[in-house]
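For reference, the structure is listed below as structure tokens.
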Amino acid sequence: MNKKAVVMLSGGLDSTLAAKLMLEQGVELCGLYLSAPWGCCDKTKAMKVAAQLGIEFMVVKMTQEYIGVIRKPKYGYGSSMNPCIDCRIYMFEKAKELMAQIGAAFLVTGEVLGQRPMSQMRHSLFLIEKQAGLARRIVRPLSAKVLPATLPEEEGVIDRERMCGITGRSRKEQMQLALKYGILDYPNPAGGCLLTDQEFGNRVRDLFQTQEEVDLEDMELLRLGRQFRLNPHTKLIVGRNEEENRTLAEYLAPGRVLFVPEGFPGPSVLLIGPPDEAADRRALKMIAHYTKKEKLPPQAKVIRRVGVPRQEGQQPLEETILLEGHIEEKELEATRI
Ligand code: SF4
């Protein structure tokens, strides 16, 4: 067995420490960052970590296939829409592909035994590595001493005694190790995966319940704005700030309509669904509701843009309409997702 490995880098402290412990033993590492369509971990941070460690860095994008994993997880969900066991299997399969490409003998992760309820319990760790086809080839340097010996340890490629035996959710030992290595700038672990977030989870659930075909763009859109489900075919996304208003405009496409305040500061609204006058009226009410009263001019107008196919280079169909209508908070909350 050679001394080359892929290390999963999230940009967080645990994976950085795991990489450090392996570099100390002379392992040649290639950092792998798996990029989710809704941008969970911090790619820039992961890239920076790889540069600081002086190792190669690869980004692999999660594909359409990953949506299938979230939609129908064999091992179920955690506290929200996070199918951690299936997700880890998928990630390790991707890592395995990279290992084959670059001729790496094993995989290194920053996992800590017992740190996460679903995917980092003893039985889950073994189930996941077996299902991913990497049984005994995943080294977890932070918990190695409390886990059975892996193949690289057995074959003397790495020394078990020079790794750690950390367990559980306390991060005290990792922080001490960080001090030892002079790592002072690391993100708070609370950031985490959006699929574990209840609000985001509700949006994912709503999408899966109302749409048969779901693509990466549908998933990306779940991150944006305030979202409201009007009926099984129609959803409204209301921008919460200028940046979101600009981003919503980038998602204008056939089957979507964008409403933009004309000449006053208010939210843009993206309507996703078939032509529907009631939904149009609701979009206008949303703009009025989320615009500061003092900023709303008399006879305020809104530009209504209908999405057209991007590849044909056509301009969206546009008209200006009068902003009118009012919506009660209660009515609004009843449709919020
Ligand atoms: S927390 Fe999110 S990214 Fe991590 S394993 Fe679970 S679903 Fe996957």
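Summary table below
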| quantity | calculated |
| --- | --- |
| Meets criteria (aliphatic (A, V, I, L, M), crowded, with 22+ Cβ neighbours inside 10 Å and assigned to a loop (DSSP other than H, G, I, E, B)) for Met22 | no |
| Glu173 vs. criteria assigned by TED's automatic domain parsing to the domain that holds Tyr75, closer than 19 Å to Gly11 by Cα and surrounded by fewer than 18 Cβ atoms within 10 Å (Cβ to Cβ) | yes |
| Scope segment 15-29; condition away from the ligand (no atom under 16 Å from the Cβ) and either within 22 Å of Gln101 (Cβ to Cβ) or without any contact (Cβ under 8 Å) to a residue 24 or more places away in the chain (or both); matching residues | Ala19, Met22, Leu23, Gly26, Val27, Glu28, Leu29 |
| Considering residues of segment 149-164 that are farther than 19 Å from Ala104 by Cα and within 31 Å of the chain's Cα centre (by Cα) only, the residue surrounded by the fewest Cβ atoms within 10 Å (Cβ to Cβ) | Cys164 |
| Asp159 vs. criteria touching a helix residue (DSSP H, G or I) at 6+ places or on another chain (Cβ under 8 Å), in contact (Cβ under 8 Å) with a residue 12 or more places away in the chain, more than 16 Å from the ligand (Cβ to nearest atom) and of a type in the set (Asp, Glu) | yes |
| Tabulated pairs, segment 303-329, first touching a residue at least 12 places away in the same chain (Cβ under 8 Å) and farther than 18 Å from Leu248 by Cα, second among the small types (Gly, Ala, Ser) and assigned to a loop (DSSP other than H, G, I, E, B), C-beta under 7 angstrom, 6+ apart or interchain | Leu323/Ala300 |
| Unique residue being touching a residue at least 40 places away in the same chain (Cβ under 8 Å) and over 25 Å from the mean Cα position of the chain (by Cα) when the list is Pro261, Pro265 | Pro261 |
| Helices (runs of 4 or more DSSP H) contained entirely in segment 30-122, each with at least 3 residues that are more than 11 Å from the ligand (Cβ to nearest atom), modelled with pLDDT of 95 or more and under 24 Å from Ala19 (Cβ atoms) | 43-53, 84-102 |
| Segment 186-207, residues that are assigned to a helix (DSSP H, G or I), crowded, with 16+ Cβ neighbours inside 10 Å and away from the ligand (no atom under 14 Å from the Cβ) | Asn202, Arg203, Asp206, Leu207 |
| When residues of segment 269-280 are limited to those that are over 14 Å from Phe228 (Cα atoms) and not acidic (Asp, Glu), the one modelled with the lowest pLDDT | Pro275 |
| Test: residue in segment 271-278 that is exposed (fewer than 14 other Cβ atoms within 10 Å of the Cβ), away from the ligand (no atom under 16 Å from the Cβ) and either hydroxyl-bearing (Ser, Thr, Tyr) or touching a residue at least 60 places away in the same chain (Cβ under 8 Å) (or both) | no |
| Condition check for Ala105: in contact (Cβ under 8 Å) with a residue 40 or more places away in the chain and small (Gly, Ala, Ser) | yes |
| Pair list, Cβ < 6 Å and 6+ apart or interchain, from segment 116-127 residues that are of a type in the set (Val, Ile, Thr) to residues that are part of a helix (DSSP H, G or I) and within 10 Å of the ligand (Cβ to nearest atom) | none |
| Hits in segment 23-67 - residues which are under 15 Å from the mean Cα position of the chain (by Cα) and under 17 Å from Ile89 (Cα atoms) | Tyr33, Leu34, Ser35, Ala36, Val60, Lys61, Met62, Thr63, Gln64, Glu65, Tyr66, Ile67 |
| Pairs with Cβ under 6 Å, 6+ apart, first in segment 208-225 and basic (Lys, Arg), second surrounded by 15 or more Cβ atoms within 10 Å (Cβ to Cβ) and assigned to a loop (DSSP other than H, G, I, E, B) | Arg223/Trp38 |
| Of all residues in segment 9-19 being on the phi < 0 side of the Ramachandran plot and outside any helix (DSSP H, G or I), the one that is surrounded by the most Cβ atoms within 10 Å (Cβ to Cβ) | Leu9 |
| Test: residue in segment 308-316 that is under 33 Å from the mean Cα position of the chain (by Cα), charged (D, E, K, R) and either assigned to a helix (DSSP H, G or I) or modelled with pLDDT under 95 (or both) | yes |
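The values are calculated or read from the model by the stated rules, or taken from the named source; none is laboratory data. As the structure is a prediction and not an experimental result, all values here were calculated from the model. Reconstructed Cβ throughout: ideal geometry from the backbone, glycine too, with neighbour counts over all protein chains shown.
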